[in-house]
Ligand SMILES: Cc1cc2nc3c(=O)[nH]c(=O)nc-3n(C[C@H](O)[C@H](O)[C@H](O)COP(=O)(O)O)c2cc1C
């Protein structure tokens, strides 16, 4: 049953519905949270048990998208605090996604491309990127510190937890990937070395939370189970990483897939869903969040029956902020995305997704 309370680490959610993290591209020009973002999030905190914010930049070099919300210094705390209060007002737990874009940064955001840093100087296969500069060892450690300082600020701002963004080809994934990480120091090479940045960060984050949190505060981890490229992350690699995260007892894992029952991208002949193929390492003690194409009650129930403890949805909540209530009442949900539903700059960006939206066949973007 999706509509019953559930525990994620030390935090109890009123139900198993989660809003997936979605970048809004709509901060104020100084990267503080904008009024349009407050309105957008407040509306969506009403019916879900947990709301994960857009990816929030942990430092100056972490920015990957235009108008990305930032937590890079203390001056961001008041706005982020108001945001947490808006989310929590509807009964949702507020979880902030912490992010560093690494080599996936939109290069037009950086006056000096030398400030775009990543594990190795290897360009991502995206036309908006440039070849990043490989981080020095000092920068690797400083970046871990930036994440930790962001956690301290999220605690001060009243959040119920943070999610480390280890998915979708951003920095943490870049460290883990044999494609983007070709370092020869202790952060590259063997799988143990490629996971070192993540493992050290999770341990230090738990210590920071233990020391500073004044109420239950969770630490989740989002990961992409595979990369298409060779070399690239395989399910065997992911099995290793999940074992590490299990041993560290993160409060939840969040599998970032395009569909909650997605099968392997690398091995299309095998149509068994990834969640089943990873079942030997998925641990009943560590809740798993599923995402991707979860639109109606049937999807929610099927996802929960497949082994996910909670279900996250993105596009559905963009289109219909009261999705959770409508699941219960079986009312049809809104599938037409109009400009009044999201911040202006996010609406503009959604046009880039139009092809994907049309392929999914579910949502329509409607200009005024
Ligand atoms: C506009 C938009 C922005 C997104 N931004 C993020 C993000 O900041 N962090 C992240 O981990 N995933 C991001 N995603 C991916 C979503 O969290 C989610 O995994 C994806 O939309 C699939 O779920 P859905 O089919 O329910 O939309 C974004 C997706 C969309 C559509």
Against the definition (within 16 Å of the ligand (Cβ to nearest atom) and over 19 Å from residue 163 (Cβ atoms)), how does residue 67 come out, yes or no? yes
Is it the case that segment 293-309 has a residue that's within 12 Å of the ligand (Cβ to nearest atom), touching a helix residue (DSSP H, G or I) at 6+ places or on another chain (Cβ under 9 Å), on the phi > 0 side of the Ramachandran plot and assigned to a loop (DSSP other than H, G, I, E, B)? yes
Give segment 327-356 a look and list any residue that's more than 15 Å from residue 368 (Cα to Cα) and not in a helix (DSSP H, G or I), or say none. 330, 331, 332, 333, 334, 335
Options 10, 21; residue that is within 14 Å of the ligand (Cβ to nearest atom), out of contact with any helix residue (DSSP H, G or I) (no Cβ under 6 Å at 6 or more places or on another chain) and in contact (Cβ under 8 Å) with a residue 60 or more places away in the chain: 21
Restricting to helices (runs of 4 or more DSSP H) lying wholly in segment 184-269: which have 2 or more residues that are under 30 Å from residue 156 (Cβ atoms) and touching a residue at least 12 places away in the same chain (Cβ under 8 Å)? 196-212, 235-248
Subset of segment 319-338, residues in contact with a strand residue (DSSP E or B) (Cβ under 6 Å, 6 or more places away or on another chain) and within 14 Å of the ligand (Cβ to nearest atom), comes to 319, 324, 337
Which is under 21 Å from the mean Cα position of the chain (by Cα) and not in a helix (DSSP H, G or I), of 129, 143? 129
Filtered residues of segment 24-43 (kept if surrounded by fewer than 23 Cβ atoms within 10 Å (Cβ to Cβ) and either within 19 Å of residue 290 (Cβ to Cβ) or away from the ligand (no atom under 13 Å from the Cβ) (or both)): 28, 29, 30, 31, 32, 34, 35, 36, 38, 39, 42, 43
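Bear in mind these aren't lab numbers, they're just calculated from the coordinates by the rules spelled out. Note that the structure is predicted; figures quoted are calculated from it, not measured. Ideal geometry is used to build each Cβ from the backbone, glycine not excepted, and the neighbour counts take in all protein chains shown.
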